[in-house]
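Just so it is clear, none of the values below were taken in a lab; they were calculated from the coordinates. Just so it is clear, the structure is predicted and the values come from calculations on it, not from any experiment. Ideal geometry is used to build each Cβ from the backbone, glycine not excepted, and the neighbour counts take in all protein chains shown.
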Amino acid sequence: VAFSETNLCFPQLFNISCKKPKTSLSQVLLPYVVVFSVSLLTVALNLLVIVSVSHFRQLHTPTNILLLSLAVSDFLIGLLLMPAKILRDTACWFLGQLTCSLYSYICFVITSASVGIMVLISVDRYVAICDPLHYPTRITDRRVKLCVCLCWLCSVFYNILFIKDDLLQRERHTSCYGECVFVIDYIVGTTDIVLTFIAPVTVIVFLYMRVFVVAVSQARAMRSHVTAVTLQLSVTLTAKKSELKAARTLGVLVLVFLLCFCPYYIVSFFGNELFNSSSASIVIYLYYFNSCLNPLIYAMFYPWFRKAYSKNWKLLHIRDIYVYPDQ
């Protein structure tokens, strides 16, 4: 017995249309509300970071430029990827296969760029803690901006490898109209796991292990000399303490990122069937949720973000607020 055409995504395409997801309004209402609420919060908080760092010149430090780029990627995740993901999981995909491919492409671009920024943040803290005398000359605003631009450009061009075959043979991967799936070639997928997951995570973990060892030794050295400090040494110790505190804060940021990011690639490692299944949605949402957590980490550890969040934006207080922006 033929089922009703009302159960089809495209009733006019009776033989090749997908069935509508068998979910009631009560079942999808809560996920819709939660995801869209998190999406709005992610957009608002990251927009606040973008405006704060962009507006105040006192915040144009190399570290904050990297945080600005990370906030841009998090903003795009909240604005584009979160709403599209919940619509893709709970309703028919009415936007066509080309839009589906472009959506997948944007997902990969933002993911790759975020990983690259995390590697740059780790390098920044490594030089600041392990080679502080050369930090001002090696890590400059101009070089950091160039690295950020290269990171995004490499992500854009690198991920064309994934979208190329899907654009040329879009109908090969779809069994019916009304679904949005993305299939990655085995060789390309393996290469991506190595370049976007294994290699960056290894670099991040190695650099932060070095940062942790050096930071502990510096903290002990400062405590041992705290009883005999001159005025000049006191200023030096304050600067070192600021760098150590910034390393701890960014260490929390990197750790949370890895906890949210690793399950995403662990699931994708097992192949396209699991990656496109509903069981993989939870790890993708976990990775997206990291974009909402990052501004909350800033709010917990960075005074400049709390000041920007408050209503006291008067330029009279800027100098007092941003003496040590990395604290």
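Less than 5 angstrom separates the built amide H of residue 17 from those of 177, all sequence-distant by 5 or more or on a different chain. Taking amide H atoms as placed 1.01 Å from N in the peptide plane, the amide H of residue 8 lies under 5 Å from those of 20, each 5 or more residues away in sequence or on another chain. In this calculation the C-beta distance from residue 141 to residue 91 is compared with R0 = 45 Å, giving a FRET efficiency of 0.50. As an exercise, use a Förster radius of 51 Å and the Cβ-Cβ distance of residue 19 and residue 149 to find the FRET efficiency, rounded to the nearest 0.05. Taking R0 as 51 Å, the efficiency between residue 19 and residue 149 is 0.70.
For the stretch 68-222, the Kirkwood hydrodynamic radius comes to 17.9 Å, computed from all pairs of different C-alpha atoms.
The chymotrypsin sites (Phe, Trp or Tyr not before Pro) found in the stretch 93-155 that occupy coil by DSSP, while having at most 12 further C-beta atoms within 10 Å, are 94.
Along its three principal directions, the equivalent ellipsoid of the stretch 35-94 from the Cα gyration tensor extends over semi-axes of 30, 10, 7 Å, largest first.
Rounded to the nearest whole Hz, the Karplus-based 3J(HN,Hα) values (6.51 cos²θ - 1.76 cosθ + 1.60, θ = phi - 60°) of the stretch 94-101 follow the sequence 9, 8, x, 6, 5, 5, 4, 5, with x at glycine and proline. In order along the stretch 191-204, phi translates into HN-Hα couplings of 4, 5, 4, 5, 7, 9, 10, 5, 5, x, 5, 4, 5, 4 Hz, rounded to whole numbers, per the Karplus curve 6.51 cos²θ - 1.76 cosθ + 1.60 with θ = phi - 60° and x for Gly and Pro.
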